[in-house]
Each structure stands twice: as structure tokens, then as C-alpha cells.
Amino acid sequence: MQVLAEDVRLDPVWRRAEPYMRARKNDVHIPLSFQWCRRLLAKHPEADAEICLLAILLHDIGWFAIDMDEIVAQGFRSENFLTSDVRYRHEAEGVRLAREVLADCGYGDNVIGAVCEIIDGHDTRPEPHHLNDRIVRDADKLWRYEVAGIAVAVDWFGITPSAYADQIEGELARFETEAGRAMAEAELAITRDRLMLHVI
Ligand SMILES: [Fe+2]
Ligand SMILES: [Fe+2]
């Protein structure tokens, strides 16, 4: 039976993953991206809602295993930050921790395999594997177009909200789905207005 995204709350999984949620502001990023994932799933009923939502919930818990100073230095402010060592490590650690979380929550090998396949390489794999993977990628990006996402990212990247808004506007073409791109564009217009980015 088709699982509807709005019916899936996954509270036991959130509870079990909670110890990993303070790292790198996961406790802001992941709830916001989880909501974006639901909105994308509403536009893509052919995707597997449970797999996508589990994957977005757990995709970044691997940051827990990595030192925050190292994350900022290598993960954001180095020239090739998207392919830096910490990026690969947070994916590998994410797979390891996600397996434990999902097994403890009673999920079987099929679900664990499908979720971990998305987590492994979610930032570094050049091409997504399939629709579930593409939806998780877009949900992962969309939160940065919100006021809250920009507020967090400016400190990570050490730039102004205006410069960051311009940067992510230039990245709209990288969205995997039309729905994701349209949502990002609409959200950025709201964010620019709320943060007075036409002036400051
Ligand atoms: Fe990530
Ligand atoms: Fe992420």
C-alpha cells in the first residue's frame, strides 16, 4: 500500500537519533529538510515516502563523529569543500550510525539497505541513482533558502546573507526536480524580502 508522506512522522526514529542531532545544527537542518521532503513527496507520489523520509532524517547524523572545527575548516571554507575528506567521512559515519538506529527501531534489511544507499554518497556522488535519491538531495538543499537556513549558513561560510542569497540563487540549476527548483525559487523571494536583502 502506498505510504502517504503526511502520515509518516517517525517519532521513534527521531528519538533514537536524538543524540546525533546537535552536531552541526542537525537539529535545525534536519527537521526543516524533513518538512521539505514531505512537500516534495506530495508532488511525487510515485517515490517511496518512507525510504525518502528515513533517509533525510538520518542523512547527516554522521557529522556527530567529526570535530566541528574540522567541519568548518575543511567542510565549508576550503576550495574543494564539496569533496573534502570530512564530507566522505560524514557519509560513511552516517551509514554506520543509521544502520544501528534503524535496526534498533525494528527495520529490516531491505529498508536499511535502501536508506543507507541514499546516505552513502548523498553529498559526493556525482549523479543520483533514482527518484528517491533525487528527492532527498533536493530536500537537503531546500532549507538553505529559508531565513533559518541562511542564518545558519552565513556563519558556516563566513559571508553576508546577501552574498549567500546570491550564491544559492546561482545554484538553482543544480536542483534535481522541477518541484524542488520552483520551491527554492519561491522561498528565496520570501527570504530576500524578510531579510531586506534589496538594501543590505
Ligand atoms: Fe551531508
Ligand atoms: Fe544535509
message: For a Förster distance of 45 Å, can you work out the FRET efficiency between the beta-carbons of Glu127 and His198, rounded to the nearest 0.05?
response: 0.80
- request: Calculate the spin-label point distance for Asp166 paired with Glu6, positioning each point 7 Å from the Cα along the beta-carbon direction, and give it in nanometres.
  value: 4.1
- prompt: Between Glu70 and Tyr88, what length in nm is gained on full extension when 0.36 nm per residue of separation is reduced by their alpha carbon distance?
  reply: 5.2 nm
query: What per residue convex hull volume, in Å³, comes out for the range 5-194 when only alpha-carbon positions are used?
result: 110
field: Rounded FRET efficiency, nearest 0.05, which uses the C-beta distance separating Asp109 from Glu46 and R0 of 22 Å
entry: 0.40
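Read the figures in this text as sums done on the coordinates, not as results from a lab. A quick note: this is a predicted structure, and the numbers were derived from the prediction, not measured. All Cβ positions, glycine included, derive from the backbone under ideal geometry; neighbour counts span all protein chains shown.
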